[in-house]
Structure formats: structure tokens, C-alpha cells
Amino acid sequence: MQTLLRYYTFSLFFTAACLAGAAYYGWVSSGTVAGMLSVLWIVVVLSILEVSLSFDNAVVNATVLREMDPVWQQRFLTIGILIAVFGMRIVFPIAIVSIAANIGPWAAVELSLGNPQEYERIVSAAHIGIAGFGGAFLAMVGLSFFFDADKEVHWIGALERGINRFSTLPAVEIGLVLALLYGVSTMLSPEESLTFLTAGLLGLLTYIAVNALGEWIEQREEAKKASGQMVRSGLGGFLYLEVLDASFSFDGVIGAFALSNNMIVIAIGLSVGAMFVRSMTVHLVRAGTLAQYRYLEHGAFWAIIVLGAIMLLSARWHIPETITGLIGAVLIGLSLLWSIRHNRAEAAREASAQAG
């Protein structure tokens with residue numbers, strides 16, 4: 001228990017500070033105990049929502065992070081979390097309103113505080129573009145994990161081996177994402193369809209660009225090592241994780257408006273959740289959990305594919321965030337159970353071999 005608390009101590013203190021701030025804000029803004037308790041309740045629910053939607057994000061972050069240089073690991077866990085908490089949960093919604101309403105950032109802040117209903121309307125109206133960009137990027141992340149010719153471990157054996165047979169076909173995952181983008185766009189109005197397709201293509205290009213940058217940096221590192229230089233950089237992985245974090249944050253930010261249209265309350269609630277995601281990432285990396293549970297990554301990447309598909313489909317149909325979080329939790333939970341069952345079977349075989 002003490003070892004576990006070591007990873008979550010800062011998040012618990014951060015949560016306590018945020019809850020205290022939320023209680024103060026609720027009291028000052030409403031002047032009543034009921035108003036204060038209402039704000040606290042919304043913050044707690046938003047935090048749980050963010051954690052449930054982002055657990056698969058923590059697993060994927062850990063997958064990439066464990067391969068990075070320790071210096072860049074620390075940079076992601078410090079600078080990266082500042083970008084995730086303050087950038088995506090506070091700056092991102094303000095930027096959307098500022099661009100969509102053609103007003104300055106400070107005017108967008110004043111709008112969020114003075115006219116939260118209009119602020120919510122503008123942010124929600126940008127959902128088509130957000131769904132296209134985030135859905136396409138996440139779908140590429142998930143599909144690329146399974147369309148990998150070097151992949152040898154399979155969780156859902158028949159399905160994953162079937163997918164793996166097509167992994168040698170060039171850009172097959174890009175073709176699948178483009179087909180899904182086009183299919184959803186045909187169900188939208190002409191104006192929405194153009195916005196959706198443009199955002200989706202930008203999501204694809206961002207994924208390709210970030211991965212290309214990572215490959216280029218890796219090739220430079222290999223060349224330096226070959227010449228005797230031991231200089232390493234995790235810039236490519238850092239940028240990849242930042243874009244991935246942003247894509248995961250979209251649904252949480254948009255879904256938060258179902259509970260509140262107050263920017264301060266939303267920022268506090270989502271920030272608490274984001275901090276716990278950081279702690280889970282550190283826990284998974286430092287404790288070697290991914291190595292212990294061989295199918296956990298598979299469950300997370302299946303959850304990412306589902307989340308990407310839901311984001312794309314949400315441009316046409318509203319899909320409750322509760323369903324999104326529940327599907328991700330179920331997939332990760334099943335992959336964890338299968339991993340435990342595999343470990344027990346391996347231990348039993350080793351014990352039998354030693355006894356024989």
C-alpha cells in the first residue's frame with residue numbers, strides 16, 4: 001500500500017487543493033452551502049469521468065514512455081502534464097471560442113464567465129471538426145498497433161492474427177480511416193461534411209508527420225551511435241505523446257459541458273482527472289506493469305480504436321461519454337484478466353516442469 005501511495009501522493013495533494021479551491025469558488029459564487037456542495041459534486045464527477053475516459057491513455061503513454069530516454073521521460077511527466085492540464089483543459093476551450101467567435105482570448109474568458117451558455121454553444125458547435133481530427137488520429141494510433149508485421153503476441157487470437165496478415169500491405173490503416181471518414185461525411189450536411197473531412201485529413205497528416213519526425217530523429221541517433229556519439233533524444237516521442245494526449249482530451253472537454261458550462265468548474269474537475277492519469281502513467285512505467293501483464297496494451301489499443309470510431313461517429317450521432325468510458329474500462333479489464341490467467345498458466349507449467 002505504501003509503495004502504491006508513492007505514485008499517487010502528489011495527485012492526492014493536488015486533488016485536495018483543487019477541492020478546497022472548488023469549495024471556496026462555490027461558496028463565493030453562490031453564497032450558500034448547497035451551491036458549494038453542488039460545485040464540489042460536479043468537480044468530483046468530472047474527475048471520475050476524465051479518469052475513466054483516459055485510463056487507456058495512461059497505458060499507451062506508458063507504452064511509448066518506457067522506450068524514451070530518462071531525461072525525456074521526466075520532461076513529459078513535468079512539462080507534458082502542464083500542457084495537458086493547463087493547455088488542453090483551460091487554453092483549448094478558450095482558443096476554440098476565440099477562433100469560432102472571432103474575438104480575443106480575454107474576451108473569450110469574459111464570455112465564459114459572463115455568458116456561459118453562449119460559451120458552451122460555441123464550443124459544442126466546434127464538435128464536428130474536433131470529432132474529425134481527434135477520431136482520425138486516435139484510429140490511426142490504434143490500428144497501427146495491430147497492423148504491425150513484427151507483432152508476435154496476440155490477445156484476441158483469431159482476429160488479431162487475421163489483421164496481422166494484412167500488415168505488409170502499405171498504408172492499409174490509412175485506407176481504413178479514410179473510408180470511415182468518407183462514410184460518416186456522407187451522412188452530414190455539405191458544410192459539415194467539408195469541415196469533418198478537412199479536420200480528419202489534418203488528423204491523419206498530424207499522425208504521419210509526428211511519426212515521420214520520430215523516425216527521422218531515431219535515424220539520426222543511430223548514425224551518431226555508429227560514429228561513437230551517445231547522444232539520445234526523445235523529442236519525437238514527446239511530440240507524439242502530446243498530440244495523443246490532446247486527442248484523448250477532446251471528448252472529455254466536450255463531454256464536460258453535459259455537467260456544467262462554467263469554465264472554472266470544468267477546468268478544476270478535468271485537471272484533477274488529468275493529474276491522476278499522469279500518476280497512473282508513472283506507476284505503469286516504474287512498476288513494470290506492462291511487462292507483467294502481456295495483454296494490457298492490447299486492451300488499451302482496442303479501447304483507442306473504439307474511442308476513435310466513436311469520436312468519428314459522434315459527428316452524426318450523440319454518444320454518451322459514459323458509454324465511451326465503460327467500453328474502454330471493460331476492454332482493459334478483460335485484457336488484464338486474460339493476462340493474469342496467462343501468468344497463472346505459465347507458473348503452473350513451470351512448476352510442473354520442475355516437478356517432472
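The values are calculated or read from the model by the stated rules, or taken from the named source; none is laboratory data. Predicted model only: the values in this text are computed from it and were never measured. Here the Cβ positions follow ideal geometry from the backbone for every residue, glycine too, while neighbour counts run over all protein chains shown. Accessible surface areas use protein heavy atoms only, side chains included; no ligands, DNA or RNA. Shrake-Rupley method; radii C 1.70, N 1.55, O 1.52, S 1.80 Å.
Summary table below
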read-out	value
Leading residue by the ranking (nearest to residue 286 (Cα to Cα)) among those in the stretch 74-93 that are of a type in the set (Val, Ile, Thr) and open to solvent by 20 Å² or more (accessible area, probe 1.4 Å)	78
Among residues of the stretch 103-145, those that are within 17 Å of residue 204 (Cα to Cα) and among the hydrophobic types (A, V, I, L, M, F, W, C), counted	12
Check on residue 274, at pLDDT 65 or above, under 15 Å from residue 44 (Cα atoms), under 22 Å from the mean Cα position of the chain (by Cα) and not basic (Lys, Arg)	yes
Filter pass, residue 61 being under 30 Å from residue 129 (Cα atoms) and surrounded by fewer than 16 Cβ atoms within 10 Å (Cβ to Cβ)	no
Conditions (1) part of a helix (DSSP H, G or I); (2) at pLDDT 85 or above; (3) open to solvent by 20 Å² or more (accessible area, probe 1.4 Å); number of the one not met by residue 316	(1)
Number of the condition not met by residue 98 [criteria: (1) free of Cβ contacts under 8 Å to residues at least 12 places away in the same chain; (2) surrounded by fewer than 15 Cβ atoms within 10 Å (Cβ to Cβ)]	(2)
Count of the stretch 84-104 residues which are of a type in the set (Val, Ile, Thr) and within 13 Å of the chain's Cα centre (by Cα)	1
Condition check for residue 44: aliphatic (A, V, I, L, M) and modelled with pLDDT of 80 or more	yes
Residue match in the stretch 340-356 (condition: in contact with a Leu (Cβ under 9 Å, 6 or more places away or on another chain) and either crowded, with 18+ Cβ neighbours inside 10 Å or modelled with pLDDT of 75 or more (or both))	no
Single condition residue 304 does not satisfy, out of (1) within 24 Å of residue 199 (Cα to Cα); (2) at pLDDT below 80	(2)
Hits in the stretch 246-271 - residues which are open to solvent by 20 Å² or more (accessible area, probe 1.4 Å), over 16 Å from residue 87 (Cβ atoms) and modelled with pLDDT of 75 or more	262, 264
Residue 46 touching a Gly at 6+ places or on another chain (Cβ under 6 Å) and either polar (S, T, N, Q) or within 26 Å of residue 327 (Cβ to Cβ) (or both)	yes
Check on residue 71, assigned to a helix (DSSP H, G or I) and buried (at least 18 other Cβ atoms within 10 Å of the Cβ)	no
Test: residue 123 is of a type in the set (A, V, I, L, M) and either at pLDDT 80 or above or over 21 Å from residue 25 (Cβ atoms) (or both)	no
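For every residue, the table says whether it meets (1) open to solvent by 20 Å² or more (accessible area, probe 1.4 Å); (2) closer than 22 Å to residue 15 by Cα.
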| position | (1), (2) |
| --- | --- |
| 279 | no, yes |
| 298 | no, no |
| 305 | yes, no |
| 309 | yes, no |
| 312 | no, no |
| 323 | yes, no |
